[in-house]
Amino acid sequence: MSNTLDPMDLYDVRSELNDDEIIVKDTVARFVDDKVIPLMREAFEQHEFPRHLVGEVAELGLLGSSIDGYDCAGLNSVSYGLICQELERGDSGLRSFVSVQSSLVMYPIHAYGSEEQKQRWLPAMARGEAIGCFGLTEPHGGSDPSNMKTHAKRDGDDWILNGAKMWITNATVADAAVVWAKTEEGVKGFIVEKDMPGFDTQEIENKFSLRASVTGALFFDNVRVPAANVLPGVSSLKGPLSCLTQARYGITWGVIGAAQACLSEVLNYTHDRVLFGRPLANTQAIQMRLAEMSRQITTAQLLSLRLGRIKDKGELSPTQVSMAKWNNCRAALDIARDARDILGGAGISAEYVPIRHMLNLESVITYEGTETVHQLVVGKELTGVNAF
């Protein structure tokens, strides 16, 4: 009997997509196959972000893709998810760049910024002419943003900003940082520009994860921020937390791409690898492990698709995002680890993708809320009790 099902899409999720969503998925998939995958091994090994791809990513309309106007594509949430899935099939580092630019920088400027801020930053960021980063996590810990130490005080019409942020994607290449700080009026967002006196960045070296991504620290020493650079639309933790919800949604899709890349690799390998007189794919043990990978990928696909449809109806709950981020990241990491094991000694070689995806996913399962944080979010929803 011939196999008529797509091994990467066993439940035919593609048939649930509309024409525009299919065009987005296929366009980004071609870009990833042609331009991303061929260079990601070297970028990872050399610990270099392939910045020359930013212009091509922008030309495809992938930056701020869910925003209407301001030179943005105005795509729906499912399309944004598919963008993340295909980009992370190439590498988590490139998806992280797009996620930060779109969900953590452009989103808060669009949602909470003044019209002047939107006009200044959003078109430039959509075209890739300006790069942004998001400053929330601090050196003493990231899972409790209410405990932030970074603070700002009024000084005439300006604000004086002091503090530090850590583990910031795009830190040293960003033209502007959306920084969250405590004030006497609540938590506010500040657009800190790279040339403001007292603002400094430092890249974090010696990473063994997300090596094709820029990660760094932000330092603020009496940085004078004009009132025109303060986001006027929010003065509470709702601001940064709403940004995280946007980014986490994209991550639920992104990790599916990483898992698919690992499954594809081991499917090819186990058909070609002959041990004890037969291909590995002909053994029950391997088939059961491949089936388990497919089960986890299929579950993740259905969760994210449903999540995207809910989001496009404007009915999304952060708890639903936590469920999918928790489930899908755990599934993808388990798949990458098992794929690495199936490859045997070859699994530790960068000639095969699972080790790179596995190392990247160790970061992805941690950032934007650890697995434990998302479990507790769901637990709070079920019991009504805050156990943090």
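Tabulated results
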{"quantity": "Count of region 18-34 residues which are of a type outside the set (Val, Ile, Thr) and buried (at least 17 other Cβ atoms within 10 Å of the Cβ)", "calculated": "4"}
{"quantity": "Counted residues, region 217-257 - those being within 23 Å of Thr299 (Cβ to Cβ) and among the hydroxyl-bearing types (Ser, Thr, Tyr)", "calculated": "3"}
{"quantity": "Matching entry among Val24, Val98 (being aliphatic (A, V, I, L, M), closer than 27 Å to Arg356 by Cα and more than 14 Å from the chain's Cα centre (by Cα))", "calculated": "Val24"}
{"quantity": "Filter result for Ile191 (β-branched (Val, Ile, Thr), open to solvent by 30 Å² or more (accessible area, probe 1.4 Å) and either farther than 30 Å from Leu53 by Cβ or assigned to a strand (DSSP E or B) (or both))", "calculated": "no"}
{"quantity": "Subset tally (residues that are part of a loop (DSSP other than H, G, I, E, B) and surrounded by 20 or more Cβ atoms within 10 Å (Cβ to Cβ)) for region 104-116", "calculated": "1"}
{"quantity": "All positions within region 202-231 that are part of a strand (DSSP E or B), open to solvent by 20 Å² or more (accessible area, probe 1.4 Å) and farther than 30 Å from Pro38 by Cβ", "calculated": "Gln202, Phe219, Asp221, Asn222, Arg224, Pro226"}
{"quantity": "Verdict on Leu75 being over 19 Å from Leu104 (Cβ atoms) and either at pLDDT 95 or above or of a type outside the set (Ser, Thr, Tyr) (or both)", "calculated": "no"}
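The values are calculated or read from the model by the stated rules, or taken from the named source; none is laboratory data. None of the values given here were measured: they were computed from a predicted structure. FYI the Cβ positions are ideal-geometry reconstructions off the backbone, even for glycines, and counts take in every protein chain you see. Each accessible area value is taken on the protein alone, full model and side chains, heavy atoms only, with ligands, DNA and RNA left out. Shrake-Rupley method; radii C 1.70, N 1.55, O 1.52, S 1.80 Å.
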